[in-house]
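Take a look at the structure set out below.
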């Protein structure tokens, strides 16, 4: 985001500071480094696209630098964006490079969750870069529903709908700032949108000051006897400073000694000064620029009222400046625009019709005519309302949301997250029978217990302690739990784990413990399992940013398994063969065809071009797996050929025994279908059998510690 | 379970062709689905291969959970019954030989010899061969005591028939003796071969009269028995 000279950035810093205090690591990205380093008081890790305010030349350099850093990714980002937004403009060209830049930042900082301020092109690029890897939460403002803003201006209604639907769905959660949530709610189901308000550092703005009101006014060179109304915000029309200036002019004509204090940023001051001059109130409108927090606090303590007269669809939320002023303790006057009326409870100020300057003047007059005691009471009321938005409260609320988002993020199952959520609701509300009736064959789940049938080739005893890594919906954990002492089901998705838990309860299995997480940070003691199961997991563990090389990630996960296994314990792996014949007609884990067959280097280039990311779902041949397991310290390794596949191992054929394979082909496999007939015919020759074995769909691997 | 199996086989070298050879295990299981308690459905088979042998030597049958162990015990007893009916004759080679029934309160499994055939291929010549052998066996039984006179295999679907050269084998003994309805096996076998209704009718015409004659039964019209067969069949399905 831009450097911290405005509300949104200040709010971010405030959140950053509070989350840091609560023990989390926080990284914040800015366009360029602010001149005053004190502005970054959040104590977070900061990232800057530019060292200082960029001009066109610097932007061009940025573009060139990051284009060449990763042209594949650059084009992928550009293409992905143009797919949903048919307008090619300079911003998109530049921000595709921003995506490449952010990939680097993300790789350095390794966040668990990304909070994007506003749904802008840059946000889109970040989402595309971290797709399926890191959840992104959007804080949206008016960019979705304000048709005069950004991309909305250039799109037709149909294009807009397509754009926002796609874009907002890239987020795991949208936090819509009060009035601004109407936009996201048009395109997302309500459970994906949290309507939230801004926040403020209430404690800071309640601080006792040693100076009196008079001393404070003197320090700002403000008159002692004038009734002063303050307003804070960038000198933009949307903030409505002009409304206050005009109201002051009306009151001046009524011979009331009323003035205004306007605190803004570093640009746009001249137009307000000109307006004050035209309205003949330059003598009673006082402008200030770039106030520090402390200066704001001191100012609010010596004014008589505060106004937010935003008359645009933007800047009409309970914004930071309004809440700070309220915390400090002042009566307020707001327009009935957006969320602003919710700042007034009838006891702390007035709501007036939007753009009705006359009504603003009357409201100020009413306040002016109240006794100092009455105004003090109103001030206390303002402060009470603002206390509910204290950063310490809101920061915790948001953290809870982030935790939920992170927990339910990784989802590799076949069922979509939404479907599974719905199904879980059915189980909880209506029971398993209703679930079965409605969802028969819909999930990667049935009550069949075949998926764990490979267990018969391993000498499992009833005293076994088992870890099912990547447990999914429990098709292995459940049948195993019936015959062993205990099963720990580990999965990255809390939804799937929830399902598994419900299923275990239904079955009356009390020996299943569940754990949400991944194998790399599995919280288990060394040598605590007799058997670890990685069914359909090893091919995915490379898809992590913890390791540069996917194979290194796979090795590490195996090493971890070895440490967790007791002496003589077993590791069972169910996984595809890299050269499976059936892969010719199927989509590889990368989401593309043929990627497992190509040399890794070529595949990498190909997936980068097509998907904008590296190829990290490595599968291997039998020898490849053998090497991988040996390198990670396993010595006794037996291979089996599961038929029809490792996810349904009806038949497990000992790899080394070609006679067994021939017998299986002739007597145990289906004899129907051309493919099977060909296999049966070819099974007559050992050479053909070897080839068939080489091209077999998948492996069941038993390795012993 | 593998540990116990290896130990028992080790104690019985006479079961193997070459006791010194190393063993490998091929697992095959039937689906555990259907109505009722899924876990208790279906069987798991382990075929024991001796190194260098084209066919497995032994077949171990077990279930997924101990509570479903009755199937294994029943299968084992049924096989014993089948063999009792043909003891001393050449028909004994049509069935596996039960070797061992293991039951320790946690695990239950049986060990049998293998039937060295491959899946019956559904051509006319094989059908003729299977039916011929079957009728010969049934005719042999018919001459025996009442207990065996019309003993049926009970689940003689084409899948449970193996053929090797001129030898025919019947496997899967879960339903042996559950039906004493003459002709039920034959009906079960023929009706499940994938055939046109006309071709099937020809088979019926060809084999039913021959079958009843061989067991010495007077049946005016064999098709009158079909409703009974169907009832028997639906009972099976409900049980499966």
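So how far apart, in nm, are the two label points at residue A:524 and residue A:270 if each is 7 Å from Cα heading toward Cβ?
7.0 nm
So what's Rg/Rh here for segment B:118-239, counting alpha carbon atoms and using the Kirkwood radius for Rh? The partial results should precede the final answer.
Numbers: Rg = 13.6 Å, Rh = 14.7 Å.
Taking Rg over the Kirkwood Rh, I get 0.93.
Would you mind getting me the FRET efficiency between residue B:11 and residue A:601? Use the beta-carbon distance for r and R0 = 60 Å, nearest 0.05.
Details: r = 56 Å, r/R0 = 0.93.
Efficiency at R0 = 60 Å is approximately 0.60.
How long is the gain from residue A:283 to residue A:132 if the chain were fully straight, where each residue apart is worth 0.36 nm and the alpha carbon distance is subtracted?
On the way: separation 151, 0.36 × 151 = 54.36 nm, distance 5.88 nm.
Value of the extension gain: 48.5 nm.
What is the average number of partner chain Cβ atoms found within 10 Å of a Cβ in A:646-656? Display every interim value, and only then the final one.
Working: counts 0, 0, 2, 3, 7, 6, 6, 7, 7, 1, 3.
Counting other chains' Cβ atoms within 10 Å and averaging over A:646-656 gives 4.
Restricting the count to DSSP beta bridges whose residues both fall in the protein assembly as shown, what percent are antiparallel, rounded to a multiple of 5?
On the way: 49 of 108 bridges.
Close to 45 percent.
Tell me the Kirkwood hydrodynamic radius of segment A:567-612 in angstroms, computed as one over the mean inverse distance between distinct C-alpha pairs. Intermediate values should be presented prior to the final figure.
On the way: mean 1/r = 0.0826 Å⁻¹.
After inverting the mean inverse Cα-Cα distance, the result is 12.1 Å.
Using only alpha-carbon positions, what ratio does the radius of gyration of segment B:2-113 give when scaled by 2.2 N^0.38 Å?
Numbers: Rg = 14.8 Å, N = 112, 2.2 N^0.38 = 13.2 Å.
After normalising by residue count via 2.2 N^0.38 Å, the value is 1.12.
On the first, second and third principal axes, largest extent first, how far apart are the outermost C-alpha atoms of chain A in Å?
Each principal axis gives a Cα extent; for chain A these are 109, 56, 43 Å.
With an 8 Å cut-off on Cα pairs and a minimum separation of 6 or more residues, tell me the relative contact order of segment A:449-557 in percent. Walk me through the intermediate numbers first.
Values: 167 pairs, mean separation 28.5, N = 109.
This gives 26 percent for segment A:449-557.
Averaging over all projection directions, find the projected area of the Cα convex hull of segment A:591-705 and quote it in nm² with one decimal place. Could the numbers behind the result be given before it?
Details: hull surface 34.8 nm².
So the Cα hull casts an average projection of 8.7 nm².
Can you give the FRET efficiency to the nearest 0.05 for residue A:548 and residue B:77, using r as the Cβ-Cβ distance and R₀ = 45 Å? Working shown, then result.
Values: r = 62 Å, r/R0 = 1.38.
The formula returns an efficiency of 0.15 here.
Taking each residue of A:660-667 in turn, how many C-beta atoms of other protein chains fall within 10 Å of its C-beta, and what is the average?
Working: counts 10, 1, 2, 10, 4, 1, 5, 10.
The shielding value for this peptide is 5.
Compute the angle between helix A:357-369 and the longest alpha-carbon principal axis of chain A, please, reported from 0 to 90 degrees and rounded to the nearest 10.
Taking the Cα atoms of chain A, the angle to A:357-369 is about 70 degrees.
Average the reciprocal distances over every distinct pair of alpha-carbons in segment A:134-212, invert the result, and give the Kirkwood radius in Å. Don't skip to the answer; put the middle values down first.
On the way: mean 1/r = 0.0703 Å⁻¹.
Evaluated over segment A:134-212, this radius sits at 14.2 Å.
Normalise the Cα radius of gyration of chain B by 2.2 N^0.38 Å (N = residues in it) and let me know the number. Write down the numbers at each step before the final one.
Working: Rg = 18.7 Å, N = 240, 2.2 N^0.38 = 17.7 Å.
Chain B yields a ratio of 1.06.
With label points built 7 Å along Cα→Cβ from the Cα atoms of residue A:169 and residue A:91, find their separation and express it in nm.
Taking the two extended label points, one gets 2.3 nm.
Relative to the first principal axis of the alpha-carbon coordinates of chain B, what is the inclination of helix B:2-11, with its axis defined by its Cα atoms, in degrees from 0 to 90 and to the nearest 10?
90 degrees
Across 5 Å bins from the origin, how do the percents of Cα pairs in segment A:485-641 run, short distances first?
Percent of pairs per bin, in order: 2, 8, 16, 19, 18, 16, 12, 7, 2, 1, 0.
Before anything else, pin down the relative contact order of chain A: Cα pairs under 8 Å, at least 6 apart, normalised by residue count, whole percent. Before the final figure, lay out each step's value.
On the way: 1234 pairs, mean separation 62.2, N = 705.
Normalised by residue count, the contact order of chain A is 9 percent.
Where Rh denotes the Kirkwood radius from the mean inverse Cα pair distance, what is Rg over Rh for segment A:245-355? Can you show the working numbers first?
On the way: Rg = 14.0 Å, Rh = 14.8 Å.
Across segment A:245-355, the Cα-based Rg/Rh ratio is 0.94.
Compute log10 of I(q)/I(0) for segment A:109-261 with the Debye formula, placing one identical point scatterer on every Cα and leaving out solvent, at q = 0.14 Å⁻¹, to two decimals.
Values, matching the q order: -0.84.
If r is the Cβ-Cβ distance from residue A:462 to residue A:21 and R0 is 45 Å, what FRET efficiency results, to the nearest 0.05? Spell out each step's value before the answer.
Values: r = 50 Å, r/R0 = 1.11.
So, using R0 = 45 Å, E works out to roughly 0.35.
Give me A:241, A:546 sorted ascending by neighbouring Cβ count inside 10 Å, so fewest comes first.
Values: A:241 29, A:546 13.
Taking fewest neighbouring Cβ atoms as first place, the list is A:546, A:241.
May I ask for the angle, rounded to the nearest 10°, between helix A:71-84 and the longest principal axis of chain A, with both axes built from Cα atoms and the value confined to 0 to 90°?
Approximately 70 degrees, to the nearest 10.
What is the P(r) of segment A:461-538, as percent of Cα-Cα pairs per 5 Å bin from 0?
3, 18, 31, 27, 16, 5, 0
With an 8 Å cut-off on Cα pairs and a minimum separation of 6 or more residues, tell me the relative contact order of segment B:2-113 in percent. Intermediate values should be presented prior to the final figure.
On the way: 170 pairs, mean separation 21.9, N = 112.
Answer for segment B:2-113 is 20 percent.
Read the figures in this text as sums done on the coordinates, not as results from a lab. The structure presented is a predicted model; accordingly, all values stated were derived computationally and were not measured. Backbone-built Cβ (ideal geometry, glycine too); neighbour counts: all protein chains shown.
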